[in-house]
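Visitor: This is the structure I want to talk about, given as structure tokens.
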Amino acid sequence: MDYRKFLGKVESRVLPYFGGGTVDSASRRLRVTTPVKPGWWRFDVKGRDATPREPSEPEGLEVLPRVRGHVWGRRLVREGAVAEPLALMPEEEPPRLAPVSARRWVDGALLFESVDFESEAEGAARLALEEDQPLSGIRGVSASLRAAFGYALLAQVSRDVGIRFVPAEVRGRILAVAEGGRVPAEDCLRRLSLEREAHASRLRQAQAHAERRALSARLVAEAQRRTGHLGASEDGMQRAQQALLNAGARPLGLRRLADQRLEVTYAFMGERFVSIVAADSLQVLDAGICLAGADGEVTLESLPSVIREAIETEVLVVTRYA
């Protein structure tokens, strides 16, 4: 049997493309030969290469798990007050707090499917949000609508007071915000601000130690240059990317910094994180979240599990933003 004809076989597949150098099919990750605008595309697949041919309507959504909730910006808020990014949203955005359906793609991403029928509760919640009023007293509000309202209200207050947040930081307090309105929203944000200030103070106290480590790293780097080991930085970037993939995170960007450090941007559990690590050992220098000064006890590969625990126990505080 001549296996060469199978190696050269070209298949046509419709897949969702989110940007970057790869696209996921149901069975494997493919290299995109020519990056295009994110959306549904028909690809010519040959081996592990996928060449985009033309935009396409979605195919095969009906076999994917359906997820329902309410829209907040470009996120779907579902049970448990989880707010996940929605991929490939339509050009005409849904009404605020609208009920929506999405499908779970093979890589875990949520693909927008449709806007569902509204009840009177969505209209009442929208009016309360416009009038800066809480949800208390409004009947028939589902858990996902209540959480989406809480996030929307918190976003309004966040702009007013100038304190940023990500959904995973406030998930445990979001229902109290929805029921209580502006006062608990401001309290929630100011508590985050105080925790970040405490983190910054601990970071300043550790500065002297970090400078000593940086000096040591410079000496090692100089020794490597003298002995011809010029590829260490590139190797560190490759290992950082693989460490994130091994931990279930999605690398978004890597940047070399001075003193043999790397800035790593990645997506995990629906959020974006930025961490600073040592290029040689991938030891965490600044996790980008509050670890009470224990950043150095964590490696890049173990950091996502620490983030997961912080989210699940509702103690996450983000100190660096992507």
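Visitor: Quick one: would you say A185 is at pLDDT 95 or above, of a type in the set (G, A, S) and either assigned to a helix (DSSP H, G or I) or not assigned by the TED database to the domain that holds D280 (or both)?
Guide: Yes; evaluated as a whole, the condition is true for this residue.
Visitor: So, in segment 81-124, exactly how many residues are more than 27 Å from K37 (Cα to Cα) and free of Cβ contacts under 8 Å to residues at least 40 places away in the same chain?
Guide: Looking only at that region, the number is 7.
Visitor: Please work out which one of (1) modelled with pLDDT of 95 or more; (2) of a type outside the set (S, T, Y); (3) open to solvent by 10 Å² or more (accessible area, probe 1.4 Å) is the condition P134 fails and give its number.
Guide: All conditions pass for P134, except number (1).
Visitor: Among the residues of segment 172-193, write down those that are more than 19 Å from E122 (Cα to Cα) and under 24 Å from the mean Cα position of the chain (by Cα).
Guide: Matches in segment 172-193: G172, R173, A185, C188, L189, R190, R191, L192, S193.
Visitor: May I ask you to verify whether D116 is open to solvent by 20 Å² or more (accessible area, probe 1.4 Å) and in contact with an Asp or Glu (Cβ under 6 Å, 6 or more places away or on another chain)?
Guide: Values: open to solvent by 20 Å² or more (accessible area, probe 1.4 Å): yes; in contact with an Asp or Glu (Cβ under 6 Å, 6 or more places away or on another chain): no.
Spelling it out, it is not the case that D116 is open to solvent by 20 Å² or more (accessible area, probe 1.4 Å) and in contact with an Asp or Glu (Cβ under 6 Å, 6 or more places away or on another chain).
Visitor: Which of (1) under 18 Å from I311 (Cα atoms); (2) modelled with pLDDT of 95 or more is the odd one out, the single condition E195 does not satisfy?
Guide: (2)
Visitor: Do you know which of the residues in segment 294-322 that are in a helix (DSSP H, G or I) and not aliphatic (A, V, I, L, M) is most open to solvent (accessible area, probe 1.4 Å)? So that I can check it myself, show each step before the final result.
Guide: Within segment 294-322, the subset in a helix (DSSP H, G or I) is 295-297, 303-312.
Of the ones still in play, those that are also not aliphatic (A, V, I, L, M) are 295-297, 304-305, 308-309, 312.
On the way: D295: 9, G296: 34, E297: 158, P304: 1, S305: 70, R308: 100, E309: 117, E312: 121 Å².
The selected residue is E297.
Visitor: Could you list, in sequence order, the residues of segment 283-297 that are of a type in the set (A, V, I, L, M, F, W, C) and out of contact with any helix residue (DSSP H, G or I) (no Cβ under 6 Å at 6 or more places or on another chain)?
Guide: L285, I289, L291, A292, A294
Visitor: Separate question: If the requirement is being modelled with pLDDT under 95 and open to solvent by 60 Å² or more (accessible area, probe 1.4 Å), which of these qualifies: P35, P65, P90?
Guide: Just a single option satisfies the conditions, and that option is P35.
Visitor: Here's a check for you: in segment 116-152, which residue that is among the acidic types (D, E) and touching a helix residue (DSSP H, G or I) at 6+ places or on another chain (Cβ under 9 Å) is farthest from R75 (Cα to Cα)?
Guide: Result: D132.
Visitor: Do you know which of the residues in segment 158-170 that are surrounded by fewer than 21 Cβ atoms within 10 Å (Cβ to Cβ) and touching a residue at least 12 places away in the same chain (Cβ under 8 Å) is nearest to E312 (Cα to Cα)? Talk me through it step by step, then tell me what you get.
Guide: Going through segment 158-170, the residues surrounded by fewer than 21 Cβ atoms within 10 Å (Cβ to Cβ) turn out to be 158-166.
Now drop any that are not touching a residue at least 12 places away in the same chain (Cβ under 8 Å), which leaves 158, 161, 163-166.
Working: S158: 23, V161: 27, I163: 22, R164: 20, F165: 17, V166: 14 Å.
Restricting to residues being surrounded by fewer than 21 Cβ atoms within 10 Å (Cβ to Cβ) and touching a residue at least 12 places away in the same chain (Cβ under 8 Å), the top hit is V166.
Visitor: On the basis of being open to solvent by 50 Å² or more (accessible area, probe 1.4 Å) and at pLDDT 95 or above, does L127 make the cut?
Guide: yes
Visitor: Among strands (runs of 3 or more DSSP E) lying entirely in segment 247-293, which contain 1 or more residues that are more than 27 Å from R171 (Cα to Cα) and open to solvent by 60 Å² or more (accessible area, probe 1.4 Å)?
Guide: 250-257, 261-268
The values are calculated or read from the model by the stated rules, or taken from the named source; none is laboratory data. This one's a predicted model, so the numbers in the text were calculated from it and none came from an experiment. Cβ coordinates were reconstructed from backbone atoms using ideal geometry, including for glycine residues, and neighbour counts include every protein chain displayed. When the accessible area is computed, the model is the full protein with side chains, heavy atoms only, and any ligands, DNA or RNA have been set aside. Shrake-Rupley method; radii C 1.70, N 1.55, O 1.52, S 1.80 Å.
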